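Trainee: Pasting a structure below so you can have a look.
The values are calculated or read from the model by the stated rules, or taken from the named source; none is laboratory data. Note that the coordinates shown come from a computational prediction; the quantities given were computed from them, not determined experimentally. Positions of Cβ are generated from backbone atoms using ideal geometry, with glycine treated the same way; all protein chains shown enter the neighbour counts.
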């Protein structure tokens, strides 16, 4: 213990002789700024897709002619700004989380064009949180995606951070209304 005390004393004396208060404050400020910028870094999600581009899940349509497309495919019109696993492949639907998971309270938004009526709709993309990650039907579409500094329009954030569980399961695409 005596050697540790002597070594620490030598180190602090050498530091005091060679460094200034300004350099110590500059280093401390840089460390604090770096720690504050850490939450702005993007969150990586797995890129698991089945070979051949398919999801391995049979096509699921809504049956509504005004809501065309396969809900399990990345090119479904509501998924124009989605990033993550599709809840429709994980036991949920484009607007509902799978059983055992909860919808995140935080969300990102986008506008997607319905090919039937050629109108743009406001879509709320909600992450589902709580159970283990689904790992099926990975989609990463970045139409009108914005940088992390505009979080409400960014799809690279794990939006489960404000929920009771921060474990990401899948993402939904809920129609909020018609864009004007």
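Trainee: Confirm whether residue 124 is modelled with pLDDT of 80 or more and outside any strand (DSSP E or B).
Mentor: no
Trainee: Tell me, which residue of the stretch 146-170 that is closer than 12 Å to residue 81 by Cβ and either buried (at least 19 other Cβ atoms within 10 Å of the Cβ) or touching a strand residue (DSSP E or B) at 6+ places or on another chain (Cβ under 8 Å) (or both) is modelled with the highest pLDDT?
Mentor: 156
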